[in-house]
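Working notes, structure below.
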Amino acid sequence: MKPRLDSPRCAAFGVALLLALLPRPASAEEIQWRQDYHAARQEAKTTNRPLVMDFGTANCFWCKKLDGSTFREPAIIRQLNEQFIPLKIDAEREAQLTQQLNIRSFPTLVFAAPDGRILGKHAGFVEAAQFGQQLRRALADSRPAENAAPPAAAPPPLDRGRLAVCLLAKAQEDQRQGRFAGCLECCRVLVALYPDLPQTEDARAIIRQISADPHQGPQASAQLAEQLAGLYLEMAQAAQRQDRAALAIEYWQRVVQLTPGSALSRVAEQQLAQARPVTAANVPPTTVRGQSR
């Protein structure tokens, strides 16, 4: 006996079949994939939501498996739609972007912060449970730490007037203590950096005074020579460590010329004596055709 088409049982079956064939809302059943990279980047920045980029190709088996399993999980769909900007990228059409991100296999998932920072990558298929963990980690990494220290305040701009005053005070103190070379150095820096400030005139006056003084001028010259000789000694030691004996000897000789009779000069003379440069006087004789020469 065939059931009647107008029976309640047939009517209920027809309603169920109709509901099954009706399209379901995409927002509740499917991931709302974006297709345009630049638009998705702007949306992520505007909404302050991280990006999840799915790089794949049309003939990729594991890409299709990812779409048919992991991306069908209701929890994954909900999390991507509500907390992320999901972006599906055809790697063959977006070859330049794929190359820039150094993606060589498919599928590859890329997680990025709203400002574009790459938070992580995953190459290959991934199960829903593991992908959910990756999403939670990316979400946490994309947000600034709550206890992070605030950025350090920029230092206040340097006060040119105060620096000029300090330089002049240092020059005057060096002059009183007999450190005439240091005094001249402070004055020259002051003149070079702050020619428009009133302290510069005082610095020029100090330079003229030291240069004209029969005691201070020569002492400044001797102090400068001693500083230069000390530098030559250090350069000679560096050349000696590099097995550049000839250069070291040249520097020691300059020390002796700059500060004759000084402690630095005596150190250089000792080093010169130990170096024993090769000269015609200590070259052993050679034999030519059975005769020495």
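The numbers here are math on the coordinates, done by the rules we state, and not lab data. This is a predicted model, so every value here is computed, not measured. Here Cβ is always computed from backbone atoms with ideal geometry, including for glycine, and neighbour counts include all displayed protein chains.
Descriptive notes on the structure:
- Modelled spin labels at residue 65 and residue 196, positioned 7 Å past Cα toward Cβ, are 7.2 nm from each other.
- Taking other C-beta atoms within 10 Å as the exposure proxy, 62, 33 rank 62, 33 from fewest upward.
- Cα Rg, Dmax, region 26-141, angstrom units: 12.9, 34
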